[in-house]
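The structure under discussion appears below in the form of structure tokens.
The values are calculated or read from the model by the stated rules, or taken from the named source; none is laboratory data. In this text, all values refer to a predicted model and were calculated from it rather than measured experimentally. Virtual Cβ from ideal backbone geometry, glycine too; neighbours counted across all protein chains shown.
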């Protein structure tokens with residue numbers, strides 16, 4: 001077997017295998033053995049390989065020292081790290097190895113204890129990261145593999161080329177340092193957890209999961225990344241058909257999926273365009289929910305993202321086939337529905353698990369980031385304050401809560417008009433609240449009569465409320481807190497509106 005440093009032929013090649021994730025490790029080791037490699041291993045990995053009938057040299061045989069401190073010290077030994085770190089182009093290094101009875105180690109295969117899944121002191125791996133970093137530092141002489149998905153590629157290249165190429169070793173070293181950096185960032189986050197709402201520092205490890213055709217616009221380069229070792233519904237999602245997801249598809253689908261998931265088990269549908277809902281409804285059936293959601297703003301729904309929190313039925317698929325839609329996402333699809341939807345070759349059909357919650361939001365600013373805790377707190381209705389003479393009736397309470405849930409997800413300034421758990425008018429992204437209210441009223445076109453009006457922030461003047469009055473809404477929900485609250489309350493009383501203050505603002509930019 002040809003070693004890959006400076007073209008010298010030294011045999012046999014040796015690989016050290018010590019993995020937590022044993023996926024594919026037996027086949028990988030067997031392939032190395034077939035290629036003439038010696039396998040060194042320890043602990044659970046060694047036992048796993050031995051039980052599979054492979055010849056393994058235990059680390060303790062190499063070091064002459066038994067594991068100690070309940071396995072805390074296994075590979076931390078000069079006979080291991082000398083074998084990894086020696087520069088094969090340096091004759092003095094090679095001579096010292098020979099004098100000390102140390103054999104070179106040519107390949108290190110290690111993945112680390114999953115600290116992020118079960119954090120704690122005993123899950124902080126010491127020996128593993130040390131070997132990974134040592135091998136990555138010495139990539140001119142040593143290969144390092146931290147990802148089981150690379151096993152096949154590594155074996156194929158060794159088999160075809162007789163060695164790992166310099167480029168491959170360098171790429172593997174880069175992956176290795178990214179792996180240990182991500183691992184260390186998880187440990188730092190664990191120590192920070194509970195100390196402060198926002199930690200003193202963020203150590204973020206992020207890895208690319210896929211290239212995109214372009215970014216938000218064709219002249220921008222785009223890709224999707226994920227936090228290292230973080231779970232994501234995107235990674236498990238099934239995309240049944242359609243063109244590859246674009247940057248905007250992903251952005252809008254994320255918004256739609258998060259929003260519809262807020263409605264629990266009640267059949268609900270959300271239509272999103274440019275990260276804002278243009279239709280939201282909850283009904284007795286998913287068919288009724290989608291019909292009502294689409295009716296909110298059918299013009300804006302064209303080319304939008306549709307999300308359901310219930311399985312998509314045949315009837316819904318027939319409705320969808322009549323409307324140009326970029327993406328449909330749901331927890332599942334009834335029999336033959338996917339096949340029906342596939343008749344539209346451009347429609348992306350996604351089946352996914354519920355999204356996990358964000359802990360922090362990040363925004364780029366020059367030289368750094370703005371960081372805040374995520375806005376997931378809608379407040380407790382029992383703590384809301386009715387500030388008008390008239391109390392909401394039962395149906396008004398339902399519409400108030402529904403509209404409040406929607407307005408928390410729109411771009412500011414935002415106004416939502418709803419009736420019978422159907423959004424009928426949504427005005428978003430306006431520099432002033434009056435225009436947002438005017439747009440929502442125009443969209444509602446008289447359908448908000450007797451319904452609710454939600455505002456993501458207080459009305460600074462009563463003219464914003466006037467638009468709700470013009471829409472014939474009978475109930476209003478807003479944070480309150482304006483110096484002109486009394487004027488707004490007086491206007492509501494004069495119009496016989498009921499109005500609720502939540503005490504919580506939901507600006508979104």
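Some values worked out for this structure:
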{"item": "Of all residues making up the range 420-456, the number that are part of a loop (DSSP other than H, G, I, E, B), buried (at least 23 other Cβ atoms within 10 Å of the Cβ) and free of Cβ contacts under 8 Å to residues at least 40 places away in the same chain", "result": "1"}
{"item": "Helices (runs of 4 or more DSSP H) fully within the range 101-201 counting 1 or more residues that are modelled with pLDDT under 85 and buried (at least 21 other Cβ atoms within 10 Å of the Cβ)", "result": "127-137, 166-192"}
{"item": "Test result for residue 17, part of a helix (DSSP H, G or I) and either at positive phi or touching a strand residue (DSSP E or B) at 6+ places or on another chain (Cβ under 8 Å) (or both)", "result": "no"}
{"item": "In the range 342-357, the residues that are within 16 Å of residue 326 (Cα to Cα) and touching a strand residue (DSSP E or B) at 6+ places or on another chain (Cβ under 9 Å)", "result": "342, 344, 345, 346, 347, 348, 349, 350, 351"}
{"item": "Those residues of the range 470-509 which are within 18 Å of residue 428 (Cβ to Cβ) and either surrounded by fewer than 18 Cβ atoms within 10 Å (Cβ to Cβ) or in contact with a strand residue (DSSP E or B) (Cβ under 7 Å, 6 or more places away or on another chain) (or both), in sequence order", "result": "471, 473, 476, 477, 478, 479, 505, 507, 509"}
{"item": "Residue count for the range 298-307, restricted to those that are part of a loop (DSSP other than H, G, I, E, B) and touching a helix residue (DSSP H, G or I) at 6+ places or on another chain (Cβ under 6 Å)", "result": "0"}
{"item": "Total residues in the range 379-398, condition closer than 12 Å to residue 492 by Cβ, assigned to a loop (DSSP other than H, G, I, E, B) and out of contact with any helix residue (DSSP H, G or I) (no Cβ under 7 Å at 6 or more places or on another chain)", "result": "1"}
{"item": "Any hit, the range 43-65, residues being surrounded by 13 or more Cβ atoms within 10 Å (Cβ to Cβ), in a loop (DSSP other than H, G, I, E, B) and at pLDDT below 75", "result": "yes"}
{"item": "Flag for residue 80 being in the same structural domain as residue 151 (by TED's automatic domain parsing), modelled with pLDDT under 85, within 40 Å of the chain's Cα centre (by Cα) and within 30 Å of residue 152 (Cβ to Cβ)", "result": "yes"}
{"item": "Selected residue (criterion: surrounded by the fewest Cβ atoms within 10 Å (Cβ to Cβ)) from residues of the range 271-297 that are part of a helix (DSSP H, G or I) and without any contact (Cβ under 8 Å) to a residue 24 or more places away in the chain", "result": "288"}
{"item": "Yes/no for residue 251 being out of contact with any helix residue (DSSP H, G or I) (no Cβ under 8 Å at 6 or more places or on another chain), closer than 26 Å to residue 408 by Cβ and part of a helix (DSSP H, G or I)", "result": "yes"}
{"item": "Selection from the range 457-468 of residues that are surrounded by fewer than 24 Cβ atoms within 10 Å (Cβ to Cβ) and touching a strand residue (DSSP E or B) at 6+ places or on another chain (Cβ under 9 Å)", "result": "457, 458"}
{"item": "Leading residue by the ranking (nearest to residue 216 (Cα to Cα)) among those in the range 257-270 that are touching a helix residue (DSSP H, G or I) at 6+ places or on another chain (Cβ under 7 Å) and outside any loop (DSSP other than H, G, I, E, B)", "result": "270"}
{"item": "Residues being within 24 Å of residue 325 (Cα to Cα), assigned to a loop (DSSP other than H, G, I, E, B) and within 17 Å of the chain's Cα centre (by Cα) - total across the range 202-231", "result": "2"}
{"item": "Qualifying positions in the range 402-419 - under 20 Å from residue 503 (Cα atoms) and in a loop (DSSP other than H, G, I, E, B)", "result": "408, 409, 410, 411, 412, 413, 414"}
{"item": "Residue in the range 335-343 that is in contact (Cβ under 8 Å) with a residue 40 or more places away in the chain, within 30 Å of residue 298 (Cα to Cα) and in a loop (DSSP other than H, G, I, E, B) present", "result": "yes"}
{"item": "Any hit, the range 322-331, residues being assigned to a loop (DSSP other than H, G, I, E, B), modelled with pLDDT of 95 or more and either in the same structural domain as residue 293 (by TED's automatic domain parsing) or under 30 Å from residue 231 (Cα atoms) (or both)", "result": "yes"}
{"item": "Filter pass, residue 310 being assigned to a loop (DSSP other than H, G, I, E, B) and either in contact with a strand residue (DSSP E or B) (Cβ under 6 Å, 6 or more places away or on another chain) or under 22 Å from residue 233 (Cα atoms) (or both)", "result": "yes"}
{"item": "Residue among 241, 261, 268, 246 that is surrounded by fewer than 18 Cβ atoms within 10 Å (Cβ to Cβ) and not assigned by TED's automatic domain parsing to the domain that holds residue 404", "result": "241"}
{"item": "Count of residues meeting criterion [in contact (Cβ under 8 Å) with a residue 60 or more places away in the chain and outside any loop (DSSP other than H, G, I, E, B)] in the range 477-509", "result": "9"}
